[in-house]
Structures are given as C-alpha cells and as structure tokens.
Amino acid sequence: MITRDLLRSLRNDLPMDFTIQQLNNDAPYSKCVEGRLRFLCQHCRELRASINPRNNLAHCFSCGKNINNIDLVIAAGYSFVESVSLLQKWLLLYNRGKGDRKIVPHPAAPVGNSDKEAESIGALLGQEFGNRGSPNAG
C-alpha cells in the first residue's frame, strides 16, 4: 500500500540530485549553474528547471511547472507504482550511505507488480485517501 507518509518521504527526504544520479542514462540532461543543479524540464524541454534545496522541489523558470522525484521517474518511462517502488529502494540506499543520521520511510507493503496494468494516479490516491474533496463524496 502506498501511504501518505511514504509519498511525503519520497518527496522530501530523498534529495532530487540523488534521484537524477540514480536515473543514470534515463535522467534528464543536467548541469550545475551558479551552484545549483539545473536540468531539462520534462514539460517544456528548456534547461531552466532548478532544484530548491530548502524544499527539494524543482521549478522550471520557463513554463512555471514544479517537479518532484516521482515526476522525474515517471518522465523516464516508469508507471506511478513502479516509480514509488524504485524511489523507495533509492531512499533506503541513500539512508544507508548517511551513516547514523537515517531517515526511515513509513513502512509500507510492497508497492506493486510491474506485470499489472498501471493504475492512474487519481485511482491510487483515491484508494489511499478516500474520496475527500471529490464532488461525488458523500
């Protein structure tokens, strides 16, 4: 099961530059400019997406879109469930390399099976969080 805490941990606790490094050949083109990592925006294809280290989010200064770790992995061709599973493994790898200062993600069941048909992000989030905010929620 994909939990709210797991998604928060993947977004906030796994540095985006580590995700880009782990994506290797699937990573967007990136370079360091004025001390910040910039990469090719998956939306507008401009080299103006820059990572804010305070919130671990990237923002494209051309199209205005925000990008997180899950967005990066999905743009590399993985489904949402596959992306979460891969990022969960990378978070554990990242934490192992940090020594005593470990960030432990919320325990979760295995995230999915890539043999299954990919579910939409809306369906997955609806299962996790219910239909709160949905116009049909009663």
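The values are calculated or read from the model by the stated rules, or taken from the named source; none is laboratory data. What you see is a predicted model, and the numbers here were worked out from it, not measured in a lab. Cβ coordinates were reconstructed from backbone atoms using ideal geometry, including for glycine residues, and neighbour counts include every protein chain displayed.
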Next on the checklist: If I filter the stretch 35-54 for residues that are within 13 Å of the chain's Cα centre (by Cα), assigned to a loop (DSSP other than H, G, I, E, B), surrounded by 13 or more Cβ atoms within 10 Å (Cβ to Cβ) and touching a residue at least 24 places away in the same chain (Cβ under 8 Å), do I get at least one hit?
Outcome noted: no
Checklist entry - Across the stretch 1-34, what is the number of residues that are part of a loop (DSSP other than H, G, I, E, B) and in contact with an Asp or Glu (Cβ under 9 Å, 6 or more places away or on another chain)? => result 3
Item to check | Qualifying positions in the stretch 51-74 - among the small types (Gly, Ala, Ser) and either within 11 Å of Thr19 (Cβ to Cβ) or in contact with a Leu (Cβ under 7 Å, 6 or more places away or on another chain) (or both) | outcome: Ala58
Item to check | Members of the stretch 19-34 that are free of Cβ contacts under 8 Å to residues at least 40 places away in the same chain and either surrounded by 13 or more Cβ atoms within 10 Å (Cβ to Cβ) or on the phi < 0 side of the Ramachandran plot (or both) | outcome: Gln21, Asn25, Tyr29, Ser30, Lys31, Cys32, Val33
Checklist entry - Going through the stretch 72-85 one residue at a time, which ones are within 16 Å of Leu14 (Cβ to Cβ) and touching a residue at least 60 places away in the same chain (Cβ under 8 Å)? => result Val84
Checklist outcome for this item: Residue pairs qualifying under the 6 Å Cβ cut-off, at least six apart or on distinct chains, with the first in the stretch 4-18 being under 24 Å from Ser30 (Cβ atoms) and the second being of a type in the set (Val, Ile, Thr), are Asp13/Ile103; Met16/Ile51
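Go through Ser62, Ser85, Ser114, Ser79 for me and flag whichever is among the polar types (S, T, N, Q), at negative phi and modelled with pLDDT under 50. Walk me through how you get there before you give the answer.
Details: Ser62 fails: modelled with pLDDT under 50; Ser85 fails: modelled with pLDDT under 50; Ser79 fails: modelled with pLDDT under 50.
After applying the criteria, what remains is Ser114.
For the structure I just gave you, tell me whether Leu7 is touching a Leu at 6+ places or on another chain (Cβ under 6 Å) and buried (at least 17 other Cβ atoms within 10 Å of the Cβ).
Values: touching a Leu at 6+ places or on another chain (Cβ under 6 Å): no; buried (at least 17 other Cβ atoms within 10 Å of the Cβ): yes.
Here the answer is no, as Leu7 does not meet what is asked.
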